[in-house]
Amino acid sequence: MSTESTLKRLGPLSFWIFLAALIPLSVLAQDRDRPESEERERWQSEPTVHLSRSLREVMEGKRPLESVFVEVVWRRGEEMVTAQIYGNGIGVWNKRAQLRLTRKDLLDLLESFEKSSFVRMPPQLGEESDMLKLQGKVSLTIGRETQIVHQLATGDQSEEIANLAAEILDLAEARGKEGVSASSLSDGLKKLTAGKLAPEALQLTAVRRKEMPGEADSSDPEDGWLLRVTGRRAEVQLFHRGRGYDPAREATLTEAEFRALLENLVRADLADLPQNAYAAQYTDVTVQVLDQVKDIAARRYADITPRSHGEKQKTFDRLYSELRQLTKRVLEGGRAAPAAD
């Protein structure tokens, strides 16, 4: 099969997984087809969030350190490197290794945010050009508030934001060398189940679109949905033809719910499932543990029927059904999620 044919069969989600290094996961659903001009407008129209007070309250012990989340995506040569740091001390270096930071490490990073002018920076630095190219971004979340600063690759370059990004990345890289990695997706899921990897190492995305109304599954909500799971945080958005995605609803999975999700993923033996499966409607399921990824695209392919993959198709169908049930639970019992950044 040719490369071009393979790409067509994989569908658009694989491309968007690659682009996730540039765009936060919480934006993927709403920005899948957003032109660059609209992306500029979104950045320019975003309300400016100043976290000075919230940051000071965390550092003074008036708000829990666990409410903090830091993310950096920055260009090193031709590569975009990443770091995610959670207030509980868990971090992920460049999607390759889980690391752990001490409370002092975290407070030192927050002090760096405070000493820099980050909390007073606009959402966008640099000069726009015909090609919207990022040098990188730094974001700080405290509770349900997020401040994010994008540095464009053209125009004036902020030394302060570059130094802050470098400090965070250097710390994450150094600790990541002694961290926990995954040799395969199966290995990663086993380490999650055994507690060697923290829940934050898991990311899952499931997309369902009703593209054939006459044969749609009436039990599916609306015209489709998108489920995102990062660790124990689950977020769902309903999709409507003509107006796109609704605001997200989110829920925190209990330990029992998270363990049940892991058991379902392990039972599915993802590595053994076909990359292309049958589904009556447009369906994508992506499971990632650190840098180990399985992407399954299910469609009405001309050469794939509900019986083509035998028991493997039934396994995929069961996994999809379990993810759909989780989606419904989040919709029914979840809360409104903060607006996407």
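What follows is calculated from the coordinates using simple rules that are stated; it is not laboratory data. Note that this is a predicted model, so its numbers are computed, not measured. Positions of Cβ are generated from backbone atoms using ideal geometry, with glycine treated the same way; all protein chains shown enter the neighbour counts.
Mind checking the full-extension length gain between ARG329 and TYR301? Use 0.36 nm per residue of separation minus the Cα-Cα distance, one decimal, nm. It would help to have the intermediate numbers written out before the result.
Working: separation 28, 0.36 × 28 = 10.08 nm, distance 3.03 nm.
Full-extension gain reported as 7.1 nm.
For ALA153 and ARG241 in the same chain, what is the full-extension length gain: residue separation times 0.36 nm, less their Cα-Cα distance, in nm? Kindly include the intermediate steps, with their values, before the conclusion.
Working: separation 88, 0.36 × 88 = 31.68 nm, distance 3.50 nm.
Working it through step by step, the gained length comes to 28.2 nm.
How do the peptides 264-270, 154-160 rank, highest first, by the average count of neighbouring beta carbon atoms within 10 Å per residue? Numbers along the way, then the final one.
Numbers: 264-270: 17.9, 154-160: 13.1.
Order by mean packing, descending: 264-270, 154-160.
Using 0.36 nm times the number of residues separating GLU311 and MET59, minus their current alpha carbon distance, what extension gain do you get? Could the numbers behind the result be given before it?
Values: separation 252, 0.36 × 252 = 90.72 nm, distance 5.40 nm.
Stretched out fully, the GLU311 to MET59 stretch lengthens by 85.3 nm.
Report, in whole Å, the centroid distance computed from the Cα atoms of the stretch 271-341 and the stretch 58-131.
31
So for the stretch 286-337, what percent of the C-alpha to C-alpha distances run longer than 12 Å?
Values: 995 of 1326 pairs.
Tail of P(r) above 12 Å: 75 percent of Cα pairs.
Output the relative contact order of the stretch 34-176, whole-number percent, from Cα pairs under 8 angstrom with separation of 6+ residues. All intermediate terms of the calculation are to be shown ahead of the outcome.
Values: 233 pairs, mean separation 38.9, N = 143.
So the answer I get is 27 percent.
Using a 7 Å offset from the Cα along the Cα-to-Cβ direction at both THR193 and ALA271, what is the distance between the two label points in nm, to one decimal?
1.3
Once label points are set 7 Å from the Cα along Cα→Cβ at both SER129 and GLU257, what is their separation, rounded to one decimal in nm?
4.6
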